[in-house]
Amino acid sequence: MGRERYPNVRSLLITADGGGGNGSRVRLWKLDLQKLADELSVPITVCHLPPGPSKWNRIEHRLFLFITANWRGKPLVSHQVIVQLIAATTTSTGLKVSDDEIEAVNLTRHNFHAEWNYTVTPNLP
């Protein structure tokens, strides 16, 4: 949908909170940003909010995507049902990102708060 509305886009800016699944230190987040940058063929700049304001549980945030996919289409009629669905959530590859995978991310840190601000550039084919 974005390509149709913005056919001449040359970059993408994402502002993200400082914690959870898209936190500035989350390897899986950066790996998926690289995949998106490669798919779109545009650099993606990310600016994170400082981590202090985030009140989210880190483990819940890391698993939230998989949890919601697991309970999709199932009625959440009680606390017990929700807990059982969360407990039954699995992933095929796990949530680990190897050192080799993270080193392959084409990431350039910015001068201002490099830990929170960076650009992921597409890898050349």
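The values are calculated or read from the model by the stated rules, or taken from the named source; none is laboratory data. These figures come from a predicted structure and were not determined experimentally. Neighbour counts run over all protein chains shown; Cβ positions are idealised from the backbone, glycine included.
Which of the residues that make up segment 17-47 are in contact with a Ser or Thr (Cβ under 8 Å, 6 or more places away or on another chain) and either at pLDDT 90 or above or surrounded by fewer than 18 Cβ atoms within 10 Å (Cβ to Cβ) (or both)?
Once the filter is applied, which keeps residues that are in contact with a Ser or Thr (Cβ under 8 Å, 6 or more places away or on another chain) and either at pLDDT 90 or above or surrounded by fewer than 18 Cβ atoms within 10 Å (Cβ to Cβ) (or both), segment 17-47 yields Ala37, Val42, Pro43, Ile44, Thr45, Val46, Cys47.
Just to be sure I understand, how many residues within segment 61-119 are among the polar types (S, T, N, Q), surrounded by 10 or more Cβ atoms within 10 Å (Cβ to Cβ) and at pLDDT 70 or above?
Total meeting the criteria: 6.
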